[in-house]
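What follows is a short report on a single structure.
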Amino acid sequence: MSIATPRDKTNRLSSTRVGGKMTADYWDNIFTAKERGKHVVWYNGSALNPIFQAAGLEWCHGEAFAARLAAQHLEEPAQAAGSEYGYIGELCSYARTHLGCAVLTQKNVNERESGVVGMLDQQELAAKLPAPDFFVNGYAGCSTGQQWDAMTYRVFDRKLPIFNVSIPMLWGNKPDAGYMRGEEWNEASTYVEGQLRELVKFLEQQTGRPFDWDALSESMSYIKKASRLRLDAMELCTLAPTPATYWDWVASIAPINFLPGNQALVDYFAGVKAEIQQRIVDGVSAVANERYRVYFDGIMNWNKLGFLTRKFAEYDVAVVAGRYTHESFWQEPQLIDVDNPLRGMGQHYLLCPLNHGLKNLQELLLKRLDQYSIDGIAFHSTRTCRAMTNPQSMLAKAAERERGVKSFVFEGDVADASFYNDELFDSRLEAMLEAIDVQRMKTMV
Amino acid sequence: MSELHAPSLATLRTAADDPVSYAQNWKDTHRRPVIGSFPMNFPSEIVHAAGALPVIVQESKTPITEGRSMLAEFYCGYTRSVADQAALGELDVFDGFVAADHCVQLLGAVDAIRYVRPEKPVHFAQFTSAMDDAWTKPRVDSRIGDLKTEIETVVGTAVTAEDLARSIGLFNANRRLLRRFYDLRRSGLIRITAGEMQLLVKSSMVMDIEEHTSVLETLLDRLVLRDQAPDDLVRLHLSGHFCHAPKPEILDVIEESGGLVVDDDLYTGYRYISTDVPESDDPLKALSTWYMQRNINAPCPTRVTSKVDWDTYLLNSLAESRSVGVVVLMAKFCEPHMLYYPELRKALEEHDVPSLLIETEHEGIPVETLRTKMETFIERIRRHSAPVPA
Ligand code: SF4
Ligand code: SF4
């Protein structure tokens, strides 16, 4: 007897494949950086890449590489190397994966003189991270992010220069504090902007070249345009049924987070927006039979990306927005003054969704619940990411109290598949959907 | 049988075991506010100078109930306990809360306090944690300035430079006395168990500093020194355990297995009292100097710097205290510690120093399993090298 495969009810955007190809090309290019005689910076956290781009560097983003390995199910060799080195399995799995890469990279640097990290004996890792020339850390909200680079520095025998951008948390001490407003916001913006100026000086020392301010303005002009297109396209998804989902926005994270600011980036998001517009004209929805609109809170579970996309759709759930996708990645382009971009850049780093106290997060969540007509929230209790998990139970209560929006919690992790529990997922999602149904029945009576 | 003066120890134990009751009594007697703060870099001197009682909030012994719905199970025991105590109203004695450290789990717990007790002032003076930059000290100066203003508002008293200088003097004197106990313990001329040392330090985090100092003085007066240090015990260094005190039963097992703890870098230990505040500078600026200097004297893995290393510091301490083994106490889920641990392990292995990692949990750990592990560890050290004679 054969078991019928359930119908795939998802209808992903085809234009995001272009982004996937651009990202793959970006990494292929990174792997040959040393052969091309380029300076390589390893960085974590905030999207400092436009500054690196203007400085003529090649940039490797730690979480991005860890996420990529996890999405391709190739994280294990790096995590095994990390674990052999002594990293305990409860430590941030991005950090563990990337530190594992650092251990392998360092081993390789010592073993070969080429400077290119082969891991040739570990083909499955499919990665050849070029050894760094120096590190830059700019992690908002999460202390782990900053300490992770402090350790990478040590894995590389404390020999390479490291620059830290200290990004203060938007905690909300003062009564006038709120999302992008108040004395705290202005003061923190100035503090971070000042450090970015120092970062530029540091890069000039490292590269031996004067910084190209025009190049920075130019790349930020593309990023600003790309960001506007992305936000316009997201806005179109307030329609029900939605023409694109959270999963499509996840597929667009890499381009907006670390690909070079150039015309290709703008064209990419123009393509995404055009496809969504066309879907609206044609009456095409992203999930067949959309019955529930759900918001996703938590960092992405990269190992389970396709799996979760199909899974939610099986239940007629359209995941339409999320904290990770909608509250980060150049999401306030009006802040960017192309002619003098550092302040607006620093402000975006401050606006990382891990960098707010609960009050701001509540404000943002309620806004999204209204904007996207959300019925329920999926809280990904991201096992090794405390920064994302910190406020979740309180956000859940606020959503229920303020808007009557139901939620459920499921376990998983950014880059460690072992923490995901499928049975719990099903039963908790079903319970939330039932609660939504009951609520709907009541309002109909 | 303890070699320390029992009635004095009992006074310290009462406060350390139940800081909230101590705070309530103090408040009733003095009719002054009580301010709760958090590990590991808070300058209590400012609160004291404002005439309030500074108390570093401690992990509670009770199992976590209400707090379970606030922070996930994969948070360190300290933060879950803090959220739990707040949710149960056990921290209501405090008139306000102040934090200076940025550990992401700690911030989660402090945000949970704001959520369950919205009427309480909760101030966060984020001390820049990257220690090598030219802008770190000025920034910390300004955070300390804000902190002072906030404390003045909550307490209702303006703090003068003289008040602050006096408080700094009192805290320095207390730290000096505590370091004296450390010296004596290292010398082997008095046996101070790890549990007792913890009591001395922990009580200083929660008690009125002058009262605490006077108890320490009594303890010192009553000390009877030995002629010679015992030479049959394995000298150990306890390393790690941030933010909260490891359970005394764990410390007891370590010593019952034939180890003599002669030094530590625990937060509820030497880390807390490693550094005095300079008394010559402008007292507010002196507090940020203290913050910077502290990380040099006892490098802290929640800070980032390339100037000093915890592993180098640990190896130096071992040489000074002539410890022959290290017991690493790690609070489960403590990320800064998990991140740094491999560096320590590597350094110890390179120097052929035996070490044992013990992960601790709020709910406790099976003592008999620990005992077996410890005995094997001590045995390994005895075989590995004859204990260094004291
Ligand atoms: S814990 Fe989360 S926010 Fe922190 S470094 Fe890891 S992935 Fe980033
Ligand atoms: S430093 Fe460690 S023990 Fe302290 S709050 Fe953070 S995780 Fe908990």
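Quick notes on this one:
- Taking the criterion of being away from ligand 2 (no atom under 13 Å from the Cβ) and either at the interface with chain A (Cβ under 9 Å from one of its Cβ atoms) or open to solvent by 10 Å² or more (accessible area, probe 1.4 Å) (or both), the only residue of the range B:94-110 that qualifies is B:95.
- The residue of the range A:137-153 that is nearest to residue B:147 (Cα to Cα), among those that are open to solvent by less than 10 Å² (accessible area, probe 1.4 Å) and either of a type in the set (Lys, Arg) or more than 16 Å from ligand 2 (Cβ to nearest atom) (or both), is A:140.
- A Cβ distance below 8 Å, combined with a sequence gap of six or more or placement on separate chains, defines the contacts here; from the range B:138-156, residues that are within 13 Å of chain A (Cβ to nearest Cβ) and surrounded by fewer than 16 Cβ atoms within 10 Å (Cβ to Cβ) reach no residue that is in a helix (DSSP H, G or I) and of a type in the set (S, T, N, Q).
- Taken over the range A:36-73, the residue count meeting the criterion of being assigned to a helix (DSSP H, G or I), away from ligand 1 (no atom under 13 Å from the Cβ) and out of contact with any strand residue (DSSP E or B) (no Cβ under 9 Å at 6 or more places or on another chain) is 5.
- Checking A:170, A:231, A:239, A:160 one by one, the residue that is within 11 Å of chain B (Cβ to nearest Cβ), surrounded by fewer than 20 Cβ atoms within 10 Å (Cβ to Cβ) and at pLDDT 95 or above is A:160 and no other.
- Filtered by the rule that a residue be under 16 Å from the mean Cα position of the chain (by Cα) and surrounded by fewer than 18 Cβ atoms within 10 Å (Cβ to Cβ), the range A:253-308 gives a lone residue, A:305.
- Every test in (1) over 22 Å from the mean Cα position of the chain (by Cα); (2) at pLDDT below 95; (3) more than 24 Å from residue A:245 (Cα to Cα) is passed by residue A:62 save one, and that test is (1).
- Sole residue being away from ligand 1 (no atom under 16 Å from the Cβ), over 30 Å from residue B:335 (Cα atoms) and β-branched (Val, Ile, Thr), chosen from B:62, B:11: B:11
- Scanning the range B:113-135 for residues that are assigned to a helix (DSSP H, G or I), at the interface with chain A (Cβ under 7 Å from one of its Cβ atoms) and open to solvent by less than 10 Å² (accessible area, probe 1.4 Å) turns up nothing.
- Check on residue B:380, more than 25 Å from the chain's Cα centre (by Cα) and away from chain A (no Cβ under 14 Å): yes
- Residue in the range B:311-333 that is within 14 Å of chain A (Cβ to nearest Cβ), within 26 Å of residue B:248 (Cβ to Cβ) and part of a loop (DSSP other than H, G, I, E, B) present: yes
- Some residue of the range A:379-388 being among the hydrophobic types (A, V, I, L, M, F, W, C), open to solvent by 10 Å² or more (accessible area, probe 1.4 Å) and more than 14 Å from every other protein chain (Cβ to nearest Cβ): no
- Screening residue B:74 with (1) more than 7 Å from chain A (Cβ to nearest Cβ); (2) assigned to a loop (DSSP other than H, G, I, E, B); (3) more than 16 Å from residue A:172 (Cα to Cα) gives one miss only, at (1).
- Pairs where the first residue, in the range A:217-241, is within 18 Å of residue A:367 (Cβ to Cβ) and the second is among the basic types (Lys, Arg) and not in a helix (DSSP H, G or I), C-beta under 9 Å, 6+ apart: A:240/A:293
- Complete set of residues in the range A:173-202 that are polar (S, T, N, Q) and open to solvent by 30 Å² or more (accessible area, probe 1.4 Å): A:173, A:186, A:190
- The set of residues in the range B:55-102 being touching a Gly at 6+ places or on another chain (Cβ under 8 Å) and among the acidic types (Asp, Glu) consists of B:59, B:84.
The values are calculated or read from the model by the stated rules, or taken from the named source; none is laboratory data. For clarity, every value in this text was computed on a predicted model and none was experimentally measured. A quick note on method: Cβ atoms are made from the backbone with ideal geometry, for glycine too, and the neighbour counts reach across all protein chains shown. These area figures cover heavy atoms from the full protein model, side chains too; ligands, DNA and RNA do not enter into them. Shrake-Rupley method; radii C 1.70, N 1.55, O 1.52, S 1.80 Å.
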